[in-house]
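Beneath this line is the structure, given in structure tokens, with notes to follow.
Every number here is computed from the coordinates shown, using simple stated rules; none is lab data. Since we're looking at a predicted model, the values are computed, not measured. Please note: Cβ atoms are built from the backbone with ideal geometry, for glycine as well, and neighbour counts cover all protein chains shown.
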Amino acid sequence: MLVELTIENLAIIDNLSLEFDQGLSVISGETGAGKSITVDALSYILGGKVDHNMISHDKTQCNLVAHFDVSNIPKARTWLKEQSIESTEGECIIRRVINKEGRSKNYINGQSMPLHALKSLGEMLIDIHGQHAHQSLVKDTHQRELLDQYADTETNLQEIARLAKEIKQRTEQLERLKNQDDSMRERVEFLNFQLQEFKNIAPKEGEWAHIVEQHNEVSHAEEFQEGISLSLGYLDDERGVLTLLNKVSAQLSALAKLDQKFQTYADMINEAEILCSEVTNDLNRLDGIEVDEKTIVRLESRMRELNDLARKHRVEPEDLLKKQAEIEAEINSQFLSEDAIIDLENELKAEQDKWQAVAHRITQLRINAIESLNPEITAAMQGLSMVGGAFDIRLLPEKPYSSHGQERVEFYVRSNPGMPFYPLGKVASGGELARISLAISVILSMKSSLPTLIFDEVDTGVGGAVAEIIGKHLQELSKGRQVFCVTHLPQVASFGHHHFAVSKSKSKDHTETEIKKLSNDERIHEIARMLGGVKLTEATFNHAREMLSASHSE
């Protein structure tokens with residue numbers, strides 16, 4: 001329940017604080033006084049889009065505070081607990097500070113919160129029926145939302161919206177894969193042709209480096225032979241390196257007997273002699289290499305094969321096996337794509353089956369709701385002086401796998417007995433739309449579990465006896481809950497348990513709106529003013545007294 005509302009620097013309200021009770025509270029005032037500012041303020045507090053021009057022109061920011069009692073709203077208490085927001089004895093204070101740029105700071109029980117948190121909490125506290133609700137009533141999306149609100153399809157709608165999104169994504173992905181299929185086949189044929197070339201030539205790991213080394217040896221055999229022979233001569237002749245090293249070693253060994261330090265030099269010479277002996281043995285093994293023309297031809301032919309294949313694929317010869325592996329991997333991936341199409345088709349079918357199941361549940365919930373709503377709204381319409389009028393909600397086929405089920409929702413209405421039903425937007429006048437909208441709002445609100453309902457000039461376009469019936473409906477609706485109604489009709493205002501009057505005062509350089517809770521005498525005067533006339537007579541005041549007395553006689 002809304003306990004208190006504080007408004008600072010909003011429009012032409014400088015500073016205002018109002019306290020509220022249960023029952024029906026009506027808000028009235030002259031045209032242009034700002035009767036709906038309180039509704040605007042509550043809308044902003046609960047996360048609504050802000051018109052920054054609503055901030056008082058000479059102020060930098062406005063401050064809006066709503067104090068709620070949520071002790072009898074378990075859903076709201078649970079939400080506060082989940083958000084780790086402390087609440088003492090069901091107290092919930094929502095505050096929003098908005099600057100001229102439209103940016104705001106938001107608080108719940110003093111704790112800074114994002115804007116979406118205010119919206120989430122607000123949906124558990126208040127339901128606002130705006131003064132232009134009847135204008136949106138002709139839109140099929142709004143009609144569907146109203147039916148679904150009554151049918152309680154929210155959980156199923158969330159599920160079907162998720163499924164519809166997944167079906168759309170998978171369908172688009174499947175189309176892309178199938179469109180690629182023809183070009184994939186051509187690509188696979190080309191890749192298989194390339195792979196066969198690799199298999200025919202059959203490059204091996206390390207082959208290129210090996211044949212380059214072999215070719216280098218046989219193609220320079222004469223140079224190798226000549227160099228090896230000369231080197232062996234230098235090493236192994238009578239006056240060669242080995243002989244000389246042997247002599248040096250003997251001399252140093254003799255000196256070592258006289259001075260031990262020469263032994264180190266002798267050891268070093270011995271090591272050199274050993275190394276030279278090993279080189280000599282290796283060169284002797286290599287001595288005698290013959291020039292083999294057939295081997296050269298064979299090696300050069302193989303090198304050309306590998307080189308041509310490498311050049312064709314723009315790689316180095318030593319990277320041919322890597323390129324072959326890439327071709328094989330791409331071929332395998334094409335086969336995987338075909339498997340992916342099959343898998344995706346199976347997944348899509350499974351999602352579509354799930355969608356059908358959820359859509360069927362939604363349809364059944366809507367049918368059940370329609371069976372109840374049609375007679376209730378028809379009765380409410382006739383109670384609002386649309387005698388012989390009737391209401392009919394119809395479910396029409398929708399394109400498959402939509403995000404809101406397998407049917408469109410359309411409201412049909414009959415204004416007079418014996419006439420056929422037509423779509424609501426094509427036959428209802430503005431006044432009829434307002435009454436039908438009100439009938440729907442009242443019926444839906446009776447099912448609502450929200451503790452506070454606000455009707456902002458929903459009585460537009462009606463008057464007289466119809467206005468009195470509207471007042472009765474709102475008073476009945478307020479039993480056990482809190483209902484606000486912004487109205488310009490005395491017949492409606494007279495049914496309120498509490499009455500607030502909005503007035504505008506002007507000075508030379510300042511205009512300000514004031515809202516005051518009326519006493520019984522003040523209320524009689526306000527009802528009399530609303531009844532009209534240039535001059536308020538005693539008869540007008542008596543009429544106002546009679547209206548108030550009749551409205552609260554039960």
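Annotations for the structure displayed:
- As a calculated quantity, the FRET efficiency between GLU4 and SER372 at R0 = 51 Å, using C-beta atoms, amounts to about 0.85.
- Reachable lysines from LYS257, criterion Cα separation under 23 angstrom, eight or more residues apart if same chain: LYS247
- Simple spin-label estimate for MET419 and LEU536 in nanometres, 7 Å along Cα-Cβ: 4.0 nm
- Loop-resident GluC sites (Glu not before Pro) (DSSP state other than H, G, I, E or B) in the range 1-45 with no more than 15 further Cβ atoms inside 10 Å of their Cβ: GLU30.
- SER403 paired with ASN270, simple spin-label distance in nm, labels 7 Å along Cα-to-beta-carbon: 9.3 nm
- In range of the label at ARG103: residues from the range 52-84 whose backbone nitrogen is under 19 Å from the point 7 Å along Cα→Cβ: 52-56, 59-64
- Shown here for the range 223-326: trypsin sites (Lys or Arg not before Pro) in loop regions (DSSP other than H, G, I, E, B) with at most 14 other Cβ atoms within 10 Å, namely ARG239, LYS257, ARG314.
- Evaluated at q = 0.06 Å⁻¹, the base-10 log of the normalised Debye intensity for the chain, with identical point scatterers placed on the Cα atoms, takes the values -0.56.
- Each Lys and Arg Cβ is given +1 and each Asp and Glu Cβ -1; about its Cα centre, the range 181-336 then shows a dipole of about 220 debye.
- Fraction of beta bridges assigned by DSSP in the chain that are antiparallel (%, nearest 5): 70 percent
- Neighbour counting of Cβ atoms within 10 Å sorts the residues HIS498, HIS510, fewest neighbours leading, into HIS510, HIS498.
- Extension gain for GLN111 to GLU328 (0.36 nm times residue separation, less C-alpha to C-alpha distance): 72.0 nm.
- Rounded to the nearest 20 debye, dipole of the chain from Cβ charges on Lys, Arg, Asp, Glu: 3780 debye
- Listed by chain and number, the lysines whose C-alpha is less than 27 Å from the C-alpha of LYS354, apart from same-chain residues fewer than 8 away, are LYS165, LYS168, LYS178, LYS399.
- Cβ-based charge dipole, the range 181-336, positive-most Cα from MET184, SER229, LEU275: LEU275
- Simple spin-label estimate for THR78 and LYS59 gives 3.8 nm between the two label positions (7 Å along the Cα-to-Cβ direction from each Cα).
- For the range 181-336, alpha-carbon Rg over 2.2 N^0.38 Å: 1.86
- Excluding same-chain neighbours fewer than eight residues apart, the lysines reachable from LYS472 by a Cα-Cα span under 26 Å are LYS35, LYS447, LYS516, LYS517.
- Sparse-neighbourhood loop sites, trypsin sites (Lys or Arg not before Pro) in the range 1-65 - DSSP loop, at most 15 other Cβ within 10 angstrom: LYS49, LYS59
- Helix-only CD estimate at 222 nm, as mean residue ellipticity for the chain, using -39500 (n - 2.57) per DSSP H run (n ≥ 4): -19000 deg cm²/dmol
- A simple rule links phi to the HN-Hα coupling: the Karplus curve 6.51 cos²θ - 1.76 cosθ + 1.60 with θ = phi - 60°, which for the range 394-409 gives 10, 9, 10, x, 10, 4, x, 6, 7, 7, 10, x, 9, 8, 8, 10 Hz, with x for Gly and Pro.
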